[in-house]
1. Among (1) more than 13 Å from the ligand (Cβ to nearest atom); (2) in a helix (DSSP H, G or I), there is one condition residue 168 misses while meeting the rest; what is its number?
2. List the strands (runs of 3 or more DSSP E) that sit entirely inside segment 211-321 and contain at least 3 residues that are under 21 Å from the mean Cα position of the chain (by Cα) and within 16 Å of the ligand (Cβ to nearest atom).
3. Take the conditions among the basic types (Lys, Arg) and either closer than 27 Å to residue 282 by Cβ or free of Cβ contacts under 8 Å to residues at least 12 places away in the same chain (or both) and apply them to residue 150. Does it pass?
4. Go through 314, 271 for me and flag whichever is modelled with pLDDT of 95 or more and either surrounded by fewer than 19 Cβ atoms within 10 Å (Cβ to Cβ) or within 18 Å of residue 120 (Cα to Cα) (or both).
5. What is the one condition in (1) of a type outside the set (Gly, Ala, Ser); (2) within 13 Å of the ligand (Cβ to nearest atom); (3) over 14 Å from residue 307 (Cβ atoms) that residue 53 does not satisfy?
6. Out of the strands (runs of 3 or more DSSP E) lying entirely within segment 1-89, which hold 3 or more residues that are at pLDDT 95 or above and surrounded by 19 or more Cβ atoms within 10 Å (Cβ to Cβ)?
7. Determine, yes or no, whether residue 213 is in contact (Cβ under 8 Å) with a residue 60 or more places away in the chain, of a type in the set (Gly, Ala, Ser) and surrounded by fewer than 19 Cβ atoms within 10 Å (Cβ to Cβ).
8. Scan segment 78-101 residue by residue and report those that are over 21 Å from the mean Cα position of the chain (by Cα) and within 15 Å of the ligand (Cβ to nearest atom).
Amino acid sequence: MIILPEKEIASLIGRAEAFTAVERVFASMAKGDAYNFPVVREAIGHADALYGFKSGFDRSSLALGLKSGGYWPGNADKGLTNHQSTIFLFDADTGRVKAAVGGNLLTALRTAAASAVSIRHLAPKGAKTLGMIGAGHQSTFQMRAALEQRAFERVIGWNQHPERLDRLTAVAAEAGLPFEKVSLDRLGGEADVIITITSSFDPILKDAQVTGGTHIACMGTDTVGKQEVESALVARATAFTDEVSQSLSLGECQHAAREGLISETDITPIGDVINGRHSGRTSDDELTLFDGTGVGLQDLAVAASVVELALEKGKAITVDF
Ligand code: NAD
């Protein structure tokens, strides 16, 4: 089997490869070639940890496996990241283990790739202003991937603790763009593309705050109860997602669905747009929303890609297992 430690991942895979892998697997999911197995997530009653598995199989690429990991709130005091994960790939023909791959950076890359895929396929072509809500660990990955999708001219941002937005100011500066900290009213009114990437359990962005043909990528809501935007905003938008069942159960659409504002048929898998079965945005004035819930197949796709790259570059550690 091949072992790819966390510290090797950054030198092997970048945003472009992650984008391709995620776009491809979303397309496979929409065709019915790839499917996710039920997610397991448990509070283990030790170290306050939440531990679980995300897994699936893609018949077109033969990626089979799981991501195992979760959240250990005490890790920061030990000099470790609170989110920890490892991806295991298996040979779809024999069931033998193929690879163990560090999953921390890959999680950030595949999550940023998902919103970037949605921006490429759904954002207004002439989008000039990117709006960021949230300034945590994932936010810089989200922003870098988003900036590559349109000729953005500026970035505006809001965060509960505004001083944390300095990390996004630095990312904008890398891209030669101005960054401004703004109110939610200004963000909703001025941004052509909005990314929400927080761990909020209450709606941050309200329906009335968003005007015009905006594209919103809701990326933070990945658990029952979390919520980043008002359900009326979800209901007003043309909604897309990675996986419809997950969007309804634990994604941003869970609240609008529970309140009876939308139903399953109102949410389109983004893969249908990639595959040309859905036209996506139909006018510059349309409000589109991508509910990026995060699926195991994204993890398997980027892990398979990084294993391939490691083999090509002669960087794979192989052990007899
Ligand atoms: P983080 O802890 O580093 O940052 C959290 C962010 O949320 C900060 O900006 C914080 O200010 C903000 N926030 C927290 N509570 C808030 C509240 N009540 N109101 C407004 N803002 C609030 O987390 P992170 O690693 O950047 O992850 C952000 C979110 O993305 C988490 O919810 C995480 O579970 C989720 N996530 C989703 C996917 C996916 O595939 N969709 C993948 C990874 C992480």
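1. Failing condition for residue 168: (1).
2. Passing ranges, in order: 215-218, 238-241, 288-291.
3. Yes: the conditions hold for residue 150.
4. 271
5. Tallying (1) of a type outside the set (Gly, Ala, Ser); (2) within 13 Å of the ligand (Cβ to nearest atom); (3) over 14 Å from residue 307 (Cβ atoms), residue 53 fails exactly one: (2).
6. Counting at least 3 such residues, we get 50-58, 63-71.
7. yes
8. 80
The values are calculated or read from the model by the stated rules, or taken from the named source; none is laboratory data. The structure presented is a predicted model; accordingly, all values stated were derived computationally and were not measured. We place every Cβ from the backbone using ideal geometry, glycine too, and count neighbours over all the protein chains shown.
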